[in-house]
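The values are calculated or read from the model by the stated rules, or taken from the named source; none is laboratory data. Being a predicted model, the structure only gives us computed values, none of them experimental. Cβ atoms come from the backbone with ideal geometry, glycine included; neighbour counts cover every protein chain shown. Just so you know, the surface numbers come from the protein's heavy atoms only, side chains and all, with ligands and any DNA or RNA stripped out. Shrake-Rupley method; radii C 1.70, N 1.55, O 1.52, S 1.80 Å.
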Amino acid sequence: MFRKKQLIHFILAAVIFITADIWIYHTLTSSFDKYVQQRDFNEISLFVQTAPQKEENIPSWLNEVSSIIPGAASLYLSYDFDSGSFVPFASSDDNITLLYEQQRDSEEFKKAMESAYYLETEQISRQYTLTLNGQKVRTGVFVAPIIAENGYEATGTLIIAVPESTSSSYGRLIGTFALLSAIAFMLIAWVVSFSRDPVTGFMVLALFIIVGIFVAFPLIEALRLSFMTDGEFSFDKWALALSPSYIVALWGSLRLGVSTATASTIIGFLIAFLVERTSFKQKRTVSTLATMPVISPPFSLSLSIILLFGNNGLISKQLLNMGNTSIYGLGGLTLVQTISMFPIAFLTISGVLRQIDSTVEDASLDLNASRWQTFKSITFPLTVPGILSAWMLVFTNSLADFANPLLLSGNLRVLSTEAYMMVTGRMNDLGGGAVLSFLLLLPTVSAFLVQRFWVSKKSFVTVTGKPSTTLTELTTAPVRRILTAVAWIILGFILMLYLTIIAGAFVKNWGIDYTFTLANWKAIPDSWDSIVSTLLLALISAPVAGIIAMAAAMLIVRKKFPGKKFLEVLMMTPYAIPGTLIGIAYVIAFNKQPLILVGTGAIIVINYVIRELPVGLENGITALHQIDPSIEESAQDLGADVPTVFKTIVLPLVRPAFLSSMTYTFVRAMTAVSAIIFLISARWYHLTIKILSYSENLRFGLASVLCTVLIAIVLGVFALMNLLVKDDKLTRKTISTR
Amino acid sequence: MDKKSVSVTLENVTKRFKDVKGKSDVIAVKDARFIVEGGDLVTLLGPSGCGKTTTLRMVAGFELPTEGKIFIGDSDVTFLPPNKRDTATMFQSYGLFPHMSVFDNVAYGLKLRKVDSDEIKKRVQESLDLVGLSTYGDRAPGKLSGGQQQRVALARSLIVTPSVLLLDEPLSNLDALLREQMRVEIRRIQKSLSITAIYVTHDRVEAMSLSDRVIVMKDGEIRQMGAPDEIYEKPNSRFVAGFVGKAAFFPVTLKEKRDDKWICLFNKHELVVSRPPVEMKEGDKGVLMARPESLRLEEKGKGYIEGTVRMNVYLGNSLESFIQTPFGEVLVQIDDPHSKKVFAEGEAVSISFSVDRVRLLHPDEN
C-alpha cells in the first residue's frame, strides 16, 4: 500500500518539522528563562541595596522579599570575622536555612559563595525542591553579597530561593502548543503523503477532530471529574450517588420511565392501528394531531396541565373543586410525559404496521380464521418488534426528560433534575452532577443497545417492493367505533391543552381572575433579546448540522478509510446520552484553557449541532443508500473533485434528507432545554428557560405568551419545509436508476 | 477532437480485497498485464466475478491496485484519482444525474473545465447530434427510454474528449434489438474518433463483433488474449473454447509426435492433428475441440463417431442437429440446410470432420 517514495517524503517532512519545532520551542523557553533570570537578578540586586545598616532590622527586611518576588524566601548570612566565613543570621523561612545547612558543602554552593565573596551575585547552577508556604516547589537559588558602604567589602550574603512556578507554567503552555502543532503537522503530512485523495482525508480528519473535541473529550472530562474530590482520585462522588438518598431518585426515574413507556405504547398502538389498519376516515387529521406534541416546546404541556389541574387549576378547582388531589408527582408527570411522548410510539408502530403486507391477513382469513384470531395470531405478533422498539424509545426519552419533571415532579425525585440541582444548587458540584447523569446513562444506554441490536434483528417485516394497495378490514364496525371514540377523546384532550395555553395568554390572572387582557403580550418586548438570540442560534445551527451530517453520510457510505466504524459510533453517541449529561460535560470541559467557550453563543451552536447530528446522519445514510453510486462516480470521472461531487451531485440528490435534518435541528434547537440550561449566559439566553422562570414565578400568563410564540415559529418552519420538499417528488422518484 | 490516440498499459496488476469478515484476502485480479494500443477497442470478456469490472475500475481510478502499475500513454497513473485521469467511463446503469436535464448532464464535464457558455452550447449540441438526440436537450433523463439514456451517457463521456473510453457492460440493460443497434453505433463512433477503448462484457457476441482484440478472463486471471478469430478458432484451453462459442469435446489419447503434429487415438481411429497450445507428451489424455459448424453428418459407419439424431432445430439459415453419441450429446450445425441431406429424428448417423478443423487441447476443464 505505502510506496517507498511516500514514506521517505513523509519521514523527511516530519524530521524537518520536528527539528524546527523543537528548535523554536527550545529558543522560546531558553530566552524566556534568560529573561526571567535577568529580571530576578535585577530585582535581587536592587533589593540587596536596600539592606538596613542595623542588624536588628534584618529579619523584618527579609520578610519583604516576598513582596518583591512573589513566593520567594531568603536567608541572611552575616560575615563572621572570627572564622572568616559566613554564618546564618536570620531567615524568612526555616526551610531555606535547612537547605543551606544541608547543601553548604556541595560544589555548587561553595562556588556561588566564593563569587559572593568577590562581590558578585550568582545563581546556583542547579535547582532545589523546597517546601515554601506549605507547598513543595522547585526553586532557583541566588546568592547575593551585601556590600558595605566602602564598596569593596561584603558585610553579609543573602540567599534567595525563587520558586519557578510562574515561568514553568508559561513553559508548559509553550510545550503544549509545540506538541499540538507537531501532532497537527504530522496528521496533515500523513494525509497529504499517503492519501490518494487528500480532500477526503482532510474531511475525515476534520470529522475526527470535531467529534474528538466535542463528543469524546467532554465525556472523558466528565468521567474524570466524577472520580476526583479536591483534586485527588476518589470514589466519594460515586459513593454519594449510590447512597440511599440518590438511589431513591434513580428509582423515581425508573418508575416514571416504565409507566410513561407503557402508557405511551398502548395509546401509540391504538392510534397507529386505527390509522394504518382500518378504514377509518380522518387519517391525515389524526396523524397530524398525533404528531403535534413531538414538536411542541418543553414546558408548554406541563404549563397547560398546571393551568387546568394545578392547585389553582381551571378544572381541578373552579369546575370540580377536587380539593387536595395534586397534579404534582408521579401521576401528573406520567400524564404529561405520555402526552408528549406517545407520538414517538405512534410513529414507530405505524411504520411497522404500514409495512405488513395485508395479503398475509387475507391468507389467514381465507383459512377460516376469525378477525380476532387473525389479529391475535398474525397482525399483532408481526408488530411486536415495533412495539418493543417503541417502548424502549419512550423509556429512554422519559428518563432523559428534564423539562417536565422540573415543573411537575413535586415530591417525586428523578435523576435528571437532581443532577441539575446538584450543579446549580448550593453544592455547585459539577462532578456530582456528572455522576448522577452517568447513573442515568446506564438504563438509557442499555435500552438503546437492546433496541438497536436485539429488537431490530427480530423484525419480521421485509420490504417486498410490491406495495399492497388493498387493505383488509380486521375490525367490526362497533369495535372500530369504540377505537375511534377513544382516539378522539385523547386527541381532543391534546387539542384542549394547546387551546389552554393560548387562552392563558389572554387571561389576567389564571385561577383567580379570568378577565380578558392583552397585558401578557408585553412578554414579547420584554423577552425580545432572548427571542432573537434563540432564533439566531437555531438558524445558524440548522445548516451547519445539515451540511456536516450529509458530508459525514457521504464519507461513511461511499469512502473507505481506517476507523470508519469508530467514527460512526462516536457520531451516534450523543443520541443515547441524556441532555443533562452533555450540558454538564460541556461546562466541565470548556470552562478552562485552552478552550474557554462557556458563555459564548458558539458553545450553544456546537451543542445543537453535535446533539442533532445523529438523526441527520441516519437520514443521510438512508438517502445515500438509495442512490446508485455510479452517479457520483460519473461526476468524479468527468473531472469533479470530492467537494464538487458533494456540492453538485450529492447535496441536490439528498435534498429531502438534507432539508428534513435541517428542520429537525432547527426545531430541536428552538425547543431545547436540558443541555442548554447549563450553557446559557446573560448574552445568549434561551426562550424555553425564560418560560421556565416565568412558570416558576407563577407568572403563567407571560409563560403562555412565550409558549404560543414558540409554537407559532416551529409550525411556521414546518409548513415552509413541507412546501420545499413537495417539489422534490420528481427527483425522488428518478433517483434510483438501477 | 483531433487528439492523438494513446495506449493503456497494465503491468503486473493485482487487486486483493478483504472478504466480508475482513479476515482473509480475496484475489479479484491476479497479475494482469496487457497493452491496449492507441485507437484500439479491447474487450474484457469473462463470466461474472472474473475480475473484468475490477480491472476496468482500476484503469478508471475507482479502485487502487494492490500491486503493479497502470500507464495511460507514457505516464504512470496508478495513484491518480479518477478526476485527474483522462478517462471517461460509461456505467452499466449509466449514472446519469437525475436532477439535471439532458443538456446539463452532457455539459457537466465542460462546466468543470471552465469552458465558456457559448462554446459549451455549441459542443453539447454537436455531441447530441452525434448520438442522434439533438432535440432532447431539456428533457429529464428519467423521461427517456433506456437506449436514449444510454446515448446521453455516451455523449456525456465523449464531450470531454477523453484519451481512453471505458465501457462497463453498457448494453446489458437494453433489449436485444436495441443492443445490436447500439453496438454498431458505439463501434462507429469509437472508430471515427479513433479513441482508445476498453469494453467489459460477458456477452461473447458483443465481444466478437466489437473488438480489435479480446481478453478472456477467469477467476481474476487472464486466460487468453488475441483477435476475435484467433480466440474463436485457436482457443488455448477448454474453458476459453467453451466460453467464446459452442464446442464439442472428444477424448483422445496422444500416441506419437511427428514433426509439428500429433498422432492421436480416437474411437479406434488414428488422427493427425496440430500440436496443442500446451506441452503434452506421449500417452497423455487430451481432448479434440470441434465447433458445430465444422462437424458433418454422414451415413451410418462413414464418420468417426456413431450416434442417433435426437432432435433437429430449424433456424432458417441453418439447422441444429442434436446427436446422441457415446461421448454425450453433440451439436452439429448444418448451414444452408436445403442444399444438404438432413437426417430425420431417430435416424442412426455418423459424425465426421476434417482434421485441420479440430484442435487438440488439454483435458482440464478449467
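Details
- Restricting the calculation to Cα atoms, the stretch A:233-736 shows an Rg/Rh of 0.98 when the hydrodynamic-style radius is the Kirkwood one.
- Accessible surface for B:Glu67 stands near 90 Å², nearest 10, in the context of the full protein assembly shown (1.4 Å probe).
- Solvent-free Debye calculation, one equal scatterer per alpha-carbon of the stretch B:88-244: log10 I(q)/I(0) at 0.17, 0.20 Å⁻¹ equals -0.97, -1.23.
- Hz values of 3J(HN,Hα) by residue in the stretch B:37-50 - Karplus curve (6.51, -1.76, 1.60), Gly and Pro given as x: 5, x, x, 7, 10, 10, 9, 9, 10, x, x, 5, x, 8
- Proximal lysines to B:Lys341, defined as alpha-carbon separation beneath 19 angstrom and excluding residues fewer than eight positions away on the same chain: B:Lys300, B:Lys302
- Checking the cross-link pairs B:Lys122/B:Lys191; A:Lys522/A:Lys592; B:Lys30/B:Lys84 against a 31 Å limit on the alpha carbon distance flags A:Lys522/A:Lys592 as lying beyond it.
- Only protein heavy atoms count here, probed at 1.4 Å, and on that basis chains B and A bury about 2600 Å² of accessible area in total.
- Compactness relative to 2.2 N^0.38 Å, alpha carbon Rg of chain B: 1.19
- Summing Cβ point charges (Lys, Arg +1; Asp, Glu -1) relative to the Cα centre of the protein assembly as shown gives a dipole of roughly 4220 debye.
- Reciprocal mean inverse distance between Cα atoms of the stretch A:25-169 - Kirkwood radius, Å: 15.4
- Integer Hz, Karplus 6.51/-1.76/1.60 couplings in order for the stretch B:84-89, x for Gly and Pro: 9, 9, 8, 10, 9, 10
- Scanning chain A for DSSP H helices at least 20 Å long along the axis (C-alpha atoms) with a Kyte-Doolittle mean no lower than -0.5 picks out A:4-49, A:165-194, A:244-277, A:330-355, A:380-400, A:430-449, A:477-505, A:528-558, A:601-625, A:655-670, A:700-726.
- Using C-alpha pairs under 8 Å with a sequence gap of at least 6, the mean separation divided by the residue count of the stretch B:246-361 gives a relative contact order of 30 percent.
- Per-residue SASA entry for A:Trp454, accessible area with 1.4 Å probe, Å² rounded to 10: 130
- Across the cross-link table entries A:Lys647/B:Lys114; B:Lys52/B:Lys285; B:Lys246/B:Lys268; A:Lys4/A:Lys647; B:Lys246/B:Lys281; A:Lys34/A:Lys111, which are compared at the Cα atoms, the separations over 23 Å belong to B:Lys52/B:Lys285; B:Lys246/B:Lys268; A:Lys4/A:Lys647; B:Lys246/B:Lys281.
- Cα long-axis angle, helix B:176-192 against chain B (0 to 90 degrees, to the nearest 10): 70
- Gyration tensor (alpha-carbon) shape descriptor, the stretch A:288-445, a/c threshold 1.5: oblate
- Amide H contacts of B:Val214 (H built 1.01 Å from N, under 5 Å, at least 5 apart or other chain): B:Thr43, B:Gly226, B:Ala227
- Antiparallel bridges, percent of DSSP beta bridges restricted to the stretch B:8-238 (to nearest 5): 55
- For the stretch B:81-97, a reduction of at least 30 Å² in accessible area between the chain on its own and the assembled protein chains (probe 1.4 Å) is found at B:Pro81, B:Pro82, B:Asn83, B:Phe91, B:Ser93, B:Gly95, B:Phe97.
- Shape of the stretch A:477-560, Cα gyration tensor, a/c cut at 1.5: oblate
- Built amide H within the under 5 Å cut-off of A:Ala154, gap 5+: A:Ala148
- Placed amide H near A:Gly140: partners under 5 Å, 5+ positions off or other chain: A:Val162, A:Glu164
- 22 Å tail of the calculated P(r), the stretch B:168-245, as % of Cα pairs: 26
- Over all orientations, the stretch B:207-272 has a Cα convex hull whose mean projected area works out to 5.8 square nanometres.
- Think of chain A as a dipole: +1 on every Lys or Arg Cβ, -1 on every Asp or Glu Cβ, centred on the Cα centre; then among A:Val414, A:Leu225, A:Ile213, A:Val414 lies furthest on the positive end.
- Karplus (6.51, -1.76, 1.60) ³J(HN,Hα), θ = phi - 60°, over the stretch B:194-211, in Hz, Gly and Pro reported as x: 6, 9, 6, 9, 10, 10, 9, 7, 10, 9, 6, 5, 4, 4, 5, 7, 8, 8
- Tensor-based shape of the protein assembly as shown (alpha-carbon gyration tensor, a/c under 1.5 rounded, otherwise prolate or oblate): oblate
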